[in-house]
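Enquirer: My questions will all concern the structure given below.
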Amino acid sequence: MWTRQRLMELIESKLKGHRLIMVSNREPYIHRFVGDRILCEQPASGLAIALDPIMRACGGVWIAHGSGDADHDFVDGEDRVRVPPDAPAFTLRRVWLSKELETRYYYGLANQGLWPLCHIVFKRPTFNPEDWEAYREVNRIFANAVLDETEDAPALVFIQDFHFALLPRMLREKSPNLLIAQFWHIPWPNPEVFRGFPWKEELIDGMLGNDLLGFHLRIHCQNFLDTVDCTLEARADRERFEITRYGKSTMVRPFPISIDFEDHAREVKSVEAGDDVQRWHREIGLRREFVGIGIDRIDYTKGIPERFRALDRLLTAYPDYREHLVFVQIGVPSRSSIPAYKALEEEIEALCEEINSRWSAGPWRPVVFLKQHFSQSRMIALHCLSDFCVVSSLHDGMNLVAKEYVASRRDEDGVLILSRFAGASRELTDAILVNPFNEEELAEAMRTALLMPLEERKKRMQRMRATVLENNIYRWTGKIISTLLRFEAPVADQIYAELFAKSNH
Ligand code: F6P
C-alpha cells in the first residue's frame with residue numbers, strides 16, 4: 001500500500017539532492033478580495049486538490065499563475081509565499097501574466113483550442129495564430145521561472161497539463177540534466193482528430209523534451225504514439241512505450257490519478273460529527289425524498305444537460321418518483337468569459353427552470369441547481385446524504401468527483417452512476433456504467449440506482465472503496481517517480497519491502 005510515508009521515503013532515498021519543482025497553470029491557493037476581507041481559497045480544480053497533499057508531504061516549490069486579485073499582496077520580493085497558510089509546508093512561486101496574455105494563452109489556445117480538440121464532444125476547436133504566439137510566450141515565461149528556481153542544481157521538474165506542451169523542450173535545451181516529467185490531465189485523441197492542429201510539429205516536439213510523459217489511460221498513450229508517428233521524425237517503440245528523437249528518449253506511460261483517500265476519510269469523520277448534513281436538509285428543504293446529486297465545473301464536457309434531460313425522462317416514464325425525488329446539481333462557474341461556457345450556463349439554467357415548471361408540486365421541485373463553489377466539507381456532506389451520484393461526462397480524462405464520492409461513503413451505501421467515457425470507469429467497474437449520450441439509458445440507470453437492494457449497494461461500494469484506497473494519489477506519484485528513475489515497479493516494490501522490514505525492526 002502506498003502511503004504518504006512511503007512516498008516521502010522514496011523521495012528521500014532516491015531523489016536525494018534533487019529539488020522538486022511542480023509547475024501548473026492553476027495555483028493551489030488563491031488570495032481574493034471579498035468585500036473588504038481577503039480570503040485564501042483552494043480552487044475548484046481536481047489537479048490542484050490532488051497535488052496539494054504531494055507537495056505537503058515532499059516540500060519544494062510549486063510554480064503557478066498568480067490569478068487572484070489579492071495575490072500580489074501576499075508574496076515576498078521574489079514572488080514567493082509559503083503555503084498552506086495555516087501550516088506552511090511548501091513554497092508557492094507566483095508567475096504574473098498580463099490580461100492580454102491570459103486571454104490568449106489560457107482562454108484562447110488552451111481552452112478553446114486544445115481543450116475541445118482533446119475531448120471528443122463535437123465542439124469545434126478554435127485555432128488562432130495570436131493565441132499560439134501567446135501560448136509560446138507564456139511557456140517561455142514559466143521556463144524562466146523554473147530555471148530561476150533550479151539555478152543549475154539537480155531538480156525534478158514535474159509539469160502539469162496541456163497548458164505547457166512547449167515547456168519541456170525549452171527546459172531541456174537550457175538545462176540538459178534536469179529530470180523532467182509531464183502529466184497530461186485530459187485525454188489524447190487519435191491522430192485523425194489531432195491532425196487538424198495547425199502547430200502540431202512544434203507542440204509534439206515540445207512534449208518530447210520530457211523524460212517521462214504520463215496520461216491517465218493506456219489508450220491515450222497509444223494515441224500519442226500514433227500521433228507522433230504521423231507527425232514527425234521520431235522512433236516510436238510500441239513495445240516499450242518509448243519515443244526516441246535526437247538520440248534522446250521519452251517514456252510514455254499510463255498513471256490513473258487519484259485522491260488522498262485516508263485524508264478524505266478523516267474529513268468525512270469530522271463532517272459526520274458536525275452539522276453540514278442537517279444544514280443541507282434545512283437549506284434545500286429536503287424531507288423524506290430520494291436524493292440524487294451531481295457536482296461539476298460548468299463545462300460542456302461534463303454532460304450536465306444530458307443528465308437533466310434523463311431526469312426529465314425518468315419523471316415522465318415513472319410517475320411514482322414525482323414528489324419523491326430531488327436532484328441537487330452543484331455547478332461551479334468555470335472559464336465563464338468563453339462564449340461556449342456562458343451559453344452552457346444559460347442552457348442549464350433554462351433547462352432546470354423548464355423541468356421544474358413541468359413537474360413542481362406544492363413545495364417540491366425536482367431539480368435544485370446551485371451555481372457556486374462549496375467547501376470540501378459541504379461537498380462531503382452532500383455525498384453522504386445522497387442515494388446516488390451521477391458523473392455523466394461526455395469525455396473526461398479521469399474525473400475525481402467519482403473517486404471522492406466513493407471515499408466519502410464510509411457507510412458503504414450510495415450508488416455511483418458513471419460515464420463509460422470518464423477515465424474513472426476503468427477502475428470503478430462496480431458503478432452503474434452508462435453511455436451519457438443515451439438519455440434513456442441514463443434515466444434507467446437512475447431507476448436502477450433507486451431500486452438497488454441495500455446488500456448490493458454495499459457490496460459494490462466496498463469494492464470501489466478498496467480500489468480507491470489502494471490506487472491513491474501517493475501510488476500515482478510513487479509510480480511516476482519510480483518510472484522516471486527507471487526502476488520498474490517490481491524492483492521498486494522489493495526496495496520498499498526491505499525499507500519497511502528495516503523500519504519495523
Ligand atoms: O481536467 C483538466 C483540468 O485542466 C484540470 O487539470 C483542472 O483541475 C481542471 O481542468 C480545471 O481547469 P481550470 O484550471 O482551467 O479551471
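Where a number appears in this text, it was derived from the coordinates with a stated rule and is not lab data. These numbers were taken from a predicted model, which means no experiment stands behind them. Cβ placement follows ideal geometry from the backbone for every residue including glycine, while neighbour counts extend to all protein chains displayed.
Enquirer: Could you tell me what % of all Cα pairs in the range 263-470 have separations over 26 Å?
Expert: 29
Enquirer: Rounded to the nearest 0.05, what FRET efficiency is calculated for residue 152 and residue 370 with R0 set to 60 Å and r the Cβ-Cβ distance?
Expert: Efficiency for this residue pair is about 0.75.
Enquirer: Add -39500 (n - 2.57) for each DSSP H run of 4 or more in the chain, then divide by its residues: what number comes out at 222 nm, to the nearest 500 deg cm²/dmol?
Expert: -13500 deg cm²/dmol
Enquirer: Once you keep just the Cα pairs under 8 angstrom separated by 6 or more residues, what percentage relative contact order results for the chain?
Expert: RCO, the chain: 13 percent.
Enquirer: I'd like the trypsin sites (Lys or Arg not before Pro) in the range 321-381 restricted to DSSP loop residues with at most 16 other Cβ atoms within 10 Å, sorted by number.
Expert: 322, 371
Enquirer: Okay, which of the range 196-226 sit inside 19 Å, backbone N to the point 7 Å along the Cα-Cβ direction of residue 235?
Expert: Only 205, 208-213, 225-226 fall inside the zone, counting backbone N under 19 Å.
Enquirer: Starting from 0.36 nm per residue, how many nanometres of slack lie between residue 76 and residue 324 once their C-alpha separation is accounted for?
Expert: Result: 83.8 nm gained on full extension.
Enquirer: Okay, next question. For the range 141-194 and the range 301-343, what is the separation of their Cα centres, given in Å?
Expert: Centre-to-centre distance over Cα atoms comes out at 37 Å.
Enquirer: For the pair residue 342 and residue 317, how long in nm is the line joining their label points, each one 7 Å along Cα→Cβ?
Expert: The answer from the label model is 3.7 nm.
Enquirer: Continuing with the same structure: Please work out the Cα center distance from the range 267-296 to the range 407-482, rounded to the nearest Å.
Expert: 20
Enquirer: Return the aspartates and glutamates within reach of residue 269: Cα separation strictly under 12 angstrom, same-chain partners fewer than 8 residues apart disregarded; answer none if there are no such residues.
Expert: Straight-line reach from residue 269, under 12 Å: 411.
Enquirer: Report the relative contact order of the range 263-470, percent, no decimals, based on alpha-carbon pairs under 8 angstrom and at least 6 residues apart.
Expert: 25
Enquirer: Right, here's the next one. Report the calculated FRET efficiency for residue 177 and residue 218 (r = Cβ-Cβ distance, R0 = 22 Å), to the nearest 0.05.
Expert: So the FRET efficiency works out to roughly 0.15.
Enquirer: Also, quick follow-up: Treat each spin label as a single point 7 Å out from the Cα along the C-beta direction, and report the residue 14 to residue 193 distance in nm.
Expert: With each label point 7 Å from Cα toward Cβ, the separation is 3.2 nm.
Enquirer: Oh, and also: Separation between the residue 361 and residue 283 pseudo-spin-labels, each 7 Å from Cα along Cα→Cβ, expressed in nm?
Expert: 2.8
Enquirer: Does anything in the range 430-450 have its amide N under 18 Å from the 7 Å Cα→Cβ label point of residue 459, and if so which residues?
Expert: It comes to 430-433, 448-450, nothing else.
Enquirer: For the chain, what ratio Rg/Rh do Cα atoms give with a Kirkwood hydrodynamic radius?
Expert: Ratio of gyration radius to Kirkwood radius: 0.96.
Enquirer: Can you figure out the FRET efficiency of residue 126 with residue 244, using R₀ = 22 Å and their beta-carbon distance, to the nearest 0.05?
Expert: So the FRET efficiency works out to roughly 0.05.
Enquirer: In degrees, nearest 10, range 0 to 90: what is the angle between the Cα axis of helix 261-273 and the longest Cα principal axis of the chain?
Expert: In the chain, helix 261-273 runs at an angle near 40 degrees to the longest axis.
Enquirer: Right, here's the next one. Hand me the GluC sites (Glu not before Pro) from the range 100-176 located in a DSSP loop with no more than 12 other Cβ atoms within 10 Å, in residue order please.
Expert: Passing sites in the range 100-176 are 151.
Enquirer: Once the piece of chain linking residue 32 and residue 448 is laid out straight, how much longer is it, given 0.36 nm per residue of separation minus the C-alpha distance between them?
Expert: Gain on stretching residue 32 to residue 448: 145.4 nm.
Enquirer: From the cross-link list 14/479; 123/479; 14/248; 403/459; 99/302; 99/200, which pairs have alpha carbons spaced over 24 Å apart?
Expert: 123/479; 99/302; 99/200
Enquirer: Now for a separate question. If you filter the range 180-241 for trypsin sites (Lys or Arg not before Pro), then keep DSSP loop positions with at most 16 other Cβ within 10 Å, what is left?
Expert: 195, 238, 240
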